[in-house]
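Structure, as structure tokens:
The values are calculated or read from the model by the stated rules, or taken from the named source; none is laboratory data. From a predicted model like this one, the values you see are computed outputs, not experimental measurements. Positions of Cβ are generated from backbone atoms using ideal geometry, with glycine treated the same way; all protein chains shown enter the neighbour counts.
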Amino acid sequence: MHINIYFCETYPVVAGCCNIFRMTGLIVKHTGSNYMVRSDDGQLYLSTVRGKLRLKDMKTTNPIAVGDKVTFSVTSRNQGVITDVASRKNYIIRRSTNLSRQAHILAANIDKVFLIVTLTQPETRYEFIDRFLVTAEAYKIPVWIVINKIDLLNTNELQEELEYFKHVYSSAGYTILEVSAIENINLDKIKSEIPNRISLFSGNSGVGKSTVMNSLSPDLQLKTGEISKAHSKGTHTTTFYEMFEIDNGFVIDSPGIKGFGLIDIDKSEVYHFFPEIFRVSSGCKFGMCSHTHEPECAVKAAVESGEISESRYISYLKILEDDDDKYRKS
Ligand SMILES: Nc1nc2c(ncn2[C@@H]2O[C@H](COP(=O)(O)OP(=O)(O)O)[C@@H](O)[C@H]2O)c(=O)[nH]1
Ligand SMILES: [Mg+2]
Ligand SMILES: [Zn+2]
């Protein structure tokens, strides 16, 4: 248990009626039909949902997720009933199946993402990073790319890989941080970003997300070194996303997610979410340029001159080739 449940003696116990004390709060934990709501003044209320909360334009298996801002009525000093959910600025979902329109919302209202990557043990694929970044861009969520395990980069080859990686993503405009969770290098730079926002820690299994997060607070004792269930083929156990309060901010550990929400963008707009491609695209001869085969394409010219990294451009092309409907308007 990472969050203490307060029994606030000064708070009046409301007898009978549950409409007297209406408050707003944040969902910090969700198990079954119970939600832990943290009121704006920091109290925790174990809450249920009143009736059916209707959500606009979305069929979801769960009406409320961690990160949701809700209105609730206090029914006893540490219990409540949720009556309303504020609209979300973003959300992470898992679709029940590819074809199904039913979706499970894993977390909502993310303010910042720390995308943890590693160059070795394991090696994070550039294409994975780029697809993740596209979805984050689509939701305008700032991402810091955190290269963890720099203590392992002890060969010339790995150092060259590091320089190349930094070149690719800094020229794309991203903030990059080199850290070692084991040797405590640069973790303070992450910690100072935590207050006053909801941060998501994401990245492939084994890159050190839980280890990095544990370093932020002695209270947080996430299990490390585990094979993520999201990557194993067997039955999916329900994933409980939990937020932890650290330094007046909230952090979410995410077992193996690929990106955000239902990104409802047309393929012809995918380049908008590669900031460096978008930047130079105004120089293309044709307004409808897809930056693939057209003459006098400023994007292709920038790839040839090295201003845009080849690996980023290849990821862009691969997204255009996707067969599934992930990047298409439904
Ligand atoms: N050498 C090294 N190992 C690390 C570092 N950070 C995490 N690890 C190890 O990597 C493994 C996976 O870490 P974990 O935090 O569980 O990764 P997660 O799956 O992303 O949550 C564990 O055995 C950690 O001890 C680091 O900075 N350097
Ligand atoms: Mg983990
Ligand atoms: Zn073009």
Do you know which residues across segment 190-216 are in a loop (DSSP other than H, G, I, E, B) and either closer than 22 Å to residue 150 by Cβ or within 12 Å of ligand 2 (Cβ to nearest atom) (or both)? 192, 193, 194, 203, 204, 205, 206, 207, 208
Report, by residue number, each residue of segment 269-306 that is assigned to a loop (DSSP other than H, G, I, E, B) and either of a type in the set (Lys, Arg) or assigned by TED's automatic domain parsing to the domain that holds residue 142 (or both). 285
Consider residue 121 against the criteria (1) touching a residue at least 60 places away in the same chain (Cβ under 8 Å); (2) crowded, with 18+ Cβ neighbours inside 10 Å: it satisfies all of them except one. Which criterion is unmet? (2)
Considering only segment 196-207, I want to know if a residue exists there that is away from ligand 1 (no atom under 16 Å from the Cβ), more than 25 Å from residue 312 (Cβ to Cβ) and surrounded by fewer than 18 Cβ atoms within 10 Å (Cβ to Cβ). yes
Can you tell me which of (1) without any contact (Cβ under 8 Å) to a residue 40 or more places away in the chain; (2) of a type outside the set (A, V, I, L, M); (3) in a strand (DSSP E or B) is the one residue 166 doesn't meet? (3)
Which residue out of 145, 92, 116 is modelled with pLDDT under 95, β-branched (Val, Ile, Thr) and either farther than 25 Å from residue 30 by Cβ or surrounded by 19 or more Cβ atoms within 10 Å (Cβ to Cβ) (or both)? 92
Here the qualifying pairs (Cβ atoms under 8 Å; residues six or more apart or on different chains; first in segment 241-266 and within 16 Å of ligand 3 (Cβ to nearest atom) and in a strand (DSSP E or B); second modelled with pLDDT of 70 or more and of a type in the set (Gly, Ala, Ser)) come out as none
